[in-house]
Structures are given as structure tokens and as C-alpha cells.
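The values are calculated or read from the model by the stated rules, or taken from the named source; none is laboratory data. All values derive from a computational prediction rather than experimental measurement. Note that we place each Cβ from the backbone using ideal geometry, even for glycine, and neighbour counts take in every protein chain shown.
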Amino acid sequence: MFEVIGLIHELEAIGQNPKNAILDSMKKTGKKAVGCFPIYAPEEIVYAAGMLPVGMWGGQTNGTLSDRYLQGFCCSIMKANTEQALLGQYDFLSAVIVTAYCDTLKCVIENWKAAFPQMNLIPVVYPQNRKIQAGKDYMREEFERVRKELERITGENITPAALEESIEIYDEYRYAMQEFVELTQAHPILLNAKSRHLIIKAAYFMDKKVYTKKIKKLINAIKKLPEEETGKKKIILTGLIAEPDGLLDIITENHMFVVADDLAQETRQFRTIAPKQGDALQRMVERIAMQDGCAFLYDKDKTRGALIKDMVKKYNADGIIICQLKFCDPEEFDYPILKKELESEGIPSLYIEIEQRIDSLEQLRTRIQSFGEMLS
Ligand code: SF4
């Protein structure tokens, strides 16, 4: 048990202190770091370049410097990223990859080019039609461009062997994470909502190889523990992120736990594994083409509802909490469809609007408490 608690605390601390964790990883590995905006940055290429891909998922900022570049109705992640960049918090990064899914991100790319002319900014645009050959060809060209940009920055070629090795490392990480999230069902106290989130989040700030080794150790140690019987209600979270952490504490306080998630920051990162056919870049292309049920990748069949309904059955979940990041258009467009689908199946759901920095959680507390009581 001591080993499990030690590993959990270690990963939680990393999830809570991204900058310290990144600087520590840079020191230990001797690698330079490349910032990766949400959601599907081609991290494998960064890793193959001998650099550390690190997540840039905003944070709790309260400054106003970003107001010079972004309107008041921009999402809190972009405001936080821009604020932190203007404060010089990202000066240690060798490059920043920005994937564009929405109008906000397109503006952010142009604004960052103006605000940080010295920065190696690498925009990546995913095609609307990811599944057709033209879309896949275009995606491959985008990945080739990222590869060339990183080669220019490092002055070194990214070899096919390095790319192959990188994608294997990412596959191993994704398989391990699929196993990890399954553990929550039997260990809802040990892996309460906040712990589960922070452990998953820690992966963004560590060398993936090192992280995977640690998470596998944690998985093996948890598997030896007896299952926990709690009678807590099983919740599935869906959305981009489920932050701030206080939100997750409220879920735990109200006798619920996260049995599974459909969050872009969490399970959507690893639920699709690259197929084995083709070279590394082709496998990356196919993985994105296969990724369904995500508001950020065009999905003409709108498969998210069906996917969540399947999850409810698989995990025998009691309800869904839809975490809507304020001002995130792609997620907002999905909600009416999702709501209708969940209602048609009689699946209880709670829609909450969140921002990374919320001055008072009391309104959320009341709503989550009422939802918990309703499920009981
Ligand atoms: S609006 Fe949504 S998709 Fe766009 S940058 Fe913000 S969080 Fe990302």
C-alpha cells in the first residue's frame, strides 16, 4: 500500500505543478521541451526529434495582459496560455505547436505570431474530412511540415527509425492508460475523481517513456489490492476538461466517482490506438482518422452520443456530467444533439459550465449535490 500511495502522490504532484515537473524532466533527460496546445498535437514527431512534448492546457491565471490580444469571450484555456506566455512563463520552450480546431485557435495563432516573433510557432490544421484519402494525404503533409520545422530547429534529421520507435512508445503509453482507467471501477476511493485526473494529467509533463514505466508500476501495485465496496454513484464525465480540481472534490464529497470519462484531456488522448499498417506518419494519420466521437474532429455522423451510451452500459453508470468549458464553440455545438440522445435513453445528465479559474464553486456545488441526490 505504501508503494501505491507514494506513486499516486508523486504523479498527483506532477499534475499539480506542471512547470516544475517539465523543468525537472528537462534536467533529468537533457532534452529540450516543445509546448503542445490542446488537443491532438502530433507529439510522436516531437518525441522522435529527441525533444519533450509538453502539454499547454491553460491554468489558473487572473491577469489581464491577454486582453490585449483576446476578446472577453475567448475560452479560459487560451486566455491562460496567452497570459502565461506574455509573462514569460514559457520562455524555456524551444517551440510551440498549435493545432487549430476553432476560430479562437486561428486567432491565437495569428496573435502569437505578432506577440512573440522570436518564438518557433508551428501551426497544424487537421482536415475536416479526415477519413477520405485526400484528407489523409493532407494530414500527412501537415505532419511532414512539423517534422521539417523540428529538424530546422534542432539541426538534426528525424530518422524513420526514430519515428517508428516514438510511435511504439506512444502505443505502449496508450495501452497502459486504457488499463489504468479501468482500475477506477474497483478502486473508487483510492482513485477518486481528483487523483484520477491528476495522475492522467501528469503524462503531459513527463517524458512518455518514464511516465509509462511509472503508470505500469502503479497499475501492477493497485491490482494487488482488494477491491473497494463503497456504494458510490458512478459518473461519466464528458467535455474538453474537468477543471478546476475543486469541481472534482465536489463530486467526491457527494458520494460519486468517475467510473469513466470522455474528456478530450483524458481518455480521448488514448482510447484510439494507431493501426499497425504503414510507416509511422501513416499510422499517426490513420489514428486521427479513426478517432470518433470528439467535438474537435469533424464527425458528420455525430457518434459521440452513441459512444457515451455504450459507455453507460459497459460501466453501468448512474449518470453523466457534461463539463462545458465556457465559450468553447465546438463543444457547445455538440450539446443539443448529445442532450437529446441521452434523454431518449433516459440517462440522467447534468450540464455544467466551467472555467479554469472560478472564484466561487458554490453554485456548482449546489447543482452537483442536487444531481447526486437525484441519482440516489
Ligand atoms: S474554444 Fe474550445 S477548441 Fe477552441 S481553443 Fe478554446 S477550448 Fe480549444
Taking into account only those residues within the stretch 30-84 that are in a helix (DSSP H, G or I) and charged (D, E, K, R), which is farthest from the ligand (Cβ to nearest atom)? GLU44
Given the structure, is THR104 β-branched (Val, Ile, Thr) and either within 17 Å of LEU281 (Cβ to Cβ) or surrounded by fewer than 16 Cβ atoms within 10 Å (Cβ to Cβ) (or both)? no
Subset of the stretch 206-230 [surrounded by 16 or more Cβ atoms within 10 Å (Cβ to Cβ) and outside any helix (DSSP H, G or I)]: MET206, ASP207
If a residue counts only when it is among the acidic types (Asp, Glu), which helices (runs of 4 or more DSSP H) contained entirely in the stretch 118-205 have at least 1 such residues? 133-154, 160-182
Of the conditions (1) within 15 Å of the ligand (Cβ to nearest atom); (2) surrounded by 15 or more Cβ atoms within 10 Å (Cβ to Cβ); (3) basic (Lys, Arg), LYS131 fails just one. Which one is it? (1)
Selection within the stretch 52-86 - in contact with a Leu (Cβ under 7 Å, 6 or more places away or on another chain), of a type in the set (A, V, I, L, M, F, W, C) and more than 21 Å from GLY15 (Cβ to Cβ): LEU65, LEU86
Residue satisfying condition, being part of a helix (DSSP H, G or I) and more than 16 Å from the ligand (Cβ to nearest atom), within set SER370, SER360: SER370
Taking the stated definitions as given, is THR61 within 20 Å of the chain's Cα centre (by Cα) and touching a residue at least 60 places away in the same chain (Cβ under 8 Å)? yes
Picked from the stretch 86-115 (must be within 9 Å of the ligand (Cβ to nearest atom) and in a loop (DSSP other than H, G, I, E, B)), the residue farthest from ASP24 (Cα to Cα) is CYS102
Could you list, in sequence order, the residues of the stretch 290-344 that are of a type in the set (Asp, Glu), within 16 Å of the ligand (Cβ to nearest atom) and either assigned to a loop (DSSP other than H, G, I, E, B) or crowded, with 16+ Cβ neighbours inside 10 Å (or both)? ASP299, GLU331, ASP334
Limited to the stretch 271-289, what total is found for residues that are at pLDDT below 95 and within 16 Å of the ligand (Cβ to nearest atom)? 0
